[in-house]
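Laboratory data are not the source of any read-out in this text; all were calculated from the coordinates shown. No experiment lies behind these values; they were computed from the predicted model shown. Note that each Cβ is placed from the backbone with ideal geometry, even for glycine, and that neighbours are counted across all protein chains shown.
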Amino acid sequence: MYKTSLDWCYQTVPQKGCNNRTMAVPRGRLLGGCSAINDTFVTRGTKADYDRIADMGNPGWSWKEMLPFFKASETFHSTEWHQADLDIHGTDGPLHISMTPLAPISEKILESFIDSGFDYKPDMFVQGDYEGVGHIGRTVYNGICTTSADFIHKYERTNLTVRTDVFVDRIILEKNNEKECPYKAVGVEAHDDTNGQPIIIKARKEIILSAGAYNSPMILMHSGIGWEKHLNEVGIDCKVNLRGVGENLQDHLIV
């Protein structure tokens, strides 16, 4: 699936730490996003990130409040060799998650990290604390893979409409006189990726931006949210001057 029409096919700028080579950074361009091309790995964000989102005035987004939804999304299949934290796993969700046995080289690498002083946390990738070394679950069970888009096929909902081949251009912002924030998001401007036909979608309650770590900042900047100096350079009217949007991206490669 990498380097196909299902991948955005992004490339990094030359990396000093890699002898100035450019690296491919695959991003999912299909239903399920990167969860459909991420080698079936299962990870959750850090507790601190979710708690920070809640502290910024977003009730319901703390780690404690999000955990029930994480659990509801999965059916975890435990194994004898893995010391799972069953309190944070679900048993009746659409994503079937299991632990695949370690290859001999992986066991040696794990031992070397532990010998070097890293804390051993067998289930750390879903516990919200990533300082240590542990095992990662996969959305594979009995040889069958599932992705985050699979729930769509199992539930018919009158309040769910899925549009494919739609490219989001920007979030529509209007002046907001009701709260301290000067703007509010009222809709989404997009276009049909097959014929260029413009599409306007109005929001009744809220807009959730979930285009991933790479494309979410791009949409924000196209919407006028970002570093004013940079937006002005590319001809975008800056509505909210936020220096951090679109900067300081740090990613890791699989070794």
Principal-axis tilt of helix 104-115 within the chain, Cα atoms, nearest 10 degrees
80 degrees
Whole-Hz ³J(HN,Hα) for each residue in region 53-66, computed from phi via Karplus 6.51 cos²θ - 1.76 cosθ + 1.60 with θ = phi - 60°, x for glycine and proline: what do you get?
4, 5, 5, 7, x, 10, x, x, 9, 5, 4, 4, 7, 7
Estimated 222 nm signal from helices in the chain, with DSSP H stretches of n ≥ 4 weighted -39500 (n - 2.57), rounded to 500
-5500 deg cm²/dmol
Determine which lysines satisfy two conditions relative to K47: a Cα distance under 19 Å, and not lying fewer than 8 residues away in the same chain.
K64, K71, K121
Can you grab the distance from the C-alpha centre of region 77-94 to the C-alpha centre of region 44-69, Å, no decimals?
22 Å
Alpha carbon Rg of region 31-153, scaled by the compact-globule rule 2.2 N^0.38 Å:
1.12
For K175, list the lysines whose Cα falls under 27 Å from its own Cα; do not include residues on the same chain fewer than 8 positions away.
K184, K202, K205, K229, K239
Sequence ranges 14-23, 123-132, 164-173, ranked by mean other-Cβ count within 10 angstrom, highest first:
123-132, 164-173, 14-23
Which of the GluC sites (Glu not before Pro) found in region 205-255 are in a DSSP loop and have at most 11 neighbouring Cβ atoms, other than their own, within 10 Å?
E206, E247
Could you tell me the extents of region 1-103's C-alpha atoms along the three principal axes, largest first, rounded to whole Å?
44, 41, 29
Among K108, K47, K71, determine the one that fluctuates most according to a GNM of the chain built with springs between C-alpha atoms less than 10 Å apart.
K108
Averaged over every viewing direction, what's the projected area of the C-alpha convex hull for region 40-81? Give it in nm², one decimal, please.
3.9 nm²
Förster radius 25 Å - calculated FRET efficiency between V162 and V234, Cβ distance, rounded to 0.05:
0.20
For a bin width of 5 Å, list the pair-distance distribution of the chain built from all Cα-Cα distances, rounded to whole %.
1, 5, 9, 13, 16, 18, 15, 11, 7, 4, 2, 0, 0
For region 78-120, which chymotrypsin sites (Phe, Trp or Tyr not before Pro) are in a loop by DSSP, counting at most 16 other Cβ atoms within 10 Å?
W81, F118
